[in-house]
Amino acid sequence: MDPTSEQLLWMYEKMVEIREYEETMAKVYLEGKLPPKIQKGLAFDIGGGPVPGEMHLAAGQEPVAVGVCAHLRTEDSVVGAHRPHHFAIAKNVDLNAMTAEMFGKATGLGRGKGGHMHLFDPAVKFSCSGIVGASAPQACGAALAAKKLGKDWVAIGFFGEGAANQGAFHEALNLASLWKLPVIFVCEDNKYGISVEKQDSTSIESNADRAAGYGMPGVLVETNDAVAVFRAAGEAVARARRGEGPTLIEVKTDRYLGHFQGDPETYRPKGEAQELRTHDPIPALGALLRSRDLLDDTSDASLRKAVSERIEAAYAFGRNSPYPEPSEALLHVFAD
Ligand SMILES: Cc1ncc(C[n+]2csc(CCOP(=O)(O)OP(=O)(O)O)c2C)c(N)n1
Ligand SMILES: [Mg+2]
């Protein structure tokens, strides 16, 4: 199934939004972490500044999120992992509340208690967590709920190629196939699990081949391209909605930045990230849109202006919101 003009434009705008959102975060994140603390003998104060804690960005991996989420409805569930912003934005998570969460503010999705790896937006059925491998079983849970309710909703579990070596991943695939759950497992092969290359951690070249061991279709998307992901995901989502069970998709994608912000990336061949950026999927989709007369300089500029305004508003909301009261520290942790 090929994307309509509307879907192509949606994917482009979302990719532009994700990239700009994260480029803004990369700058904001460094506030208060460098360089004053260097003088005190610390190279990087991870707890400093308005956005404390680790930060995992997904520049380069946008096609995976938009190519899958272009097929989804609000009722469909998405479970992401520790690198979650591209999925959250593609699933239409509230940008203001998501940003406030990263600033640790009371107006955040989790009232400021979760931070960037723990974003929960029940209104659009989005969740994620820092537990590597957790998204596959969690997506099975959402898919089981849909099935029990007799709905044609689907669930997506996004995870990295490193997570595909976790036991939880294999247990989830087994049950999903046995119970014919409407779930799609989407593996982002960005070559690295922190600093470890896939070839040094994984016994098989393509995780898509692992699907055969669980009696479900496995699809390898070899290009980091939104349209290619869209096509593979379209088949899988339609199959799940028809009640025919799960699919495993692996996408070969590119991580332009370090594992986390501040990662010295000493394990990475020099110039690798710059080379990857020469295949940036955002201008590539822009060129496709232009070749079909769906985009020109004027419409591109106005689309980017609208995106920038949304992002500026979200960061202003995050910055200007109040911190939670200390008395709330133990509230809403397990219930409410
Ligand atoms: C259960 C568990 N084990 C280990 C970690 C530490 N950890 C955080 S990210 C990561 C690597 C994940 O690699 P991958 O799944 O390829 O995702 P990517 O970072 O490439 O997006 C590890 C081991 C964790 N968060 N959870
Ligand atoms: Mg990885």
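The values are calculated or read from the model by the stated rules, or taken from the named source; none is laboratory data. Bear in mind the structure is a predicted one, so any value in this text is a computation, not a measurement. Positions of Cβ are generated from backbone atoms using ideal geometry, with glycine treated the same way; all protein chains shown enter the neighbour counts. Heads up: the accessible areas ignore ligands, DNA and RNA and are worked out on the full protein's heavy atoms, side chains in. Shrake-Rupley method; radii C 1.70, N 1.55, O 1.52, S 1.80 Å.
Expressed in Å, the radius of gyration and Dmax of the Cα atoms of region 209-336 are 21.4, 57. What the phi angles of region 299-312 give under the Karplus curve with 6.51, -1.76 and 1.60, with θ = phi - 60°, is a coupling list of 6, 5, 5, 6, 4, 5, 5, 5, 4, 4, 5, 4, 5, 4 Hz, glycine and proline written as x. Computed over the alpha-carbon atoms, the chain gives an Rg to Rh ratio of 0.96, Rh here being the Kirkwood radius from the mean inverse distance. Per residue, the chain exposes an accessible area of 45 Å² to a 1.4 Å probe, with every protein chain left in place.
Can you flag which of Lys148/Lys198; Lys33/Lys125; Lys14/Lys252; Lys113/Lys198; Lys14/Lys113; Lys113/Lys180 are past 30 Å Cα-Cα? Pairs exceeding 30 Å: Lys148/Lys198; Lys33/Lys125; Lys113/Lys198; Lys113/Lys180.
Carbon-plus-sulfur accessible fraction, the chain (probe radius 1.4 Å, protein heavy atoms only): 56%. When the chain is treated as a Gaussian network with alpha carbon springs shorter than 10 Å, the biggest mean-square fluctuation among Ala43, Ala65, Ala106 belongs to Ala43.
Extent along the principal axes, Cα only, for region 90-201: 43, 41, 20 Å, with the longest axis given first.
Of the residues Asp300, Asp209, Asp200, which exhibits the maximal mean-square fluctuation in a Gaussian network model of the chain defined by a 10 Å Cα contact cut-off? Among Asp300, Asp209, Asp200, the largest mean-square fluctuation in the Gaussian network model of the chain belongs to Asp200.
Residues in region 102-110 carry Karplus couplings, in order, of 5, 7, x, 9, 5, 8, x, 3, x Hz; the curve used is 6.51 cos²θ - 1.76 cosθ + 1.60 with θ = phi - 60°, and Gly or Pro positions show x. Residues Trp10, Trp179 ordered from highest to lowest accessible area at a 1.4 Å probe: Trp179, Trp10. A crude spin-label estimate for the pair Glu265 and Glu31, with each label 7 Å from Cα along the Cβ direction, gives 2.4 nm.
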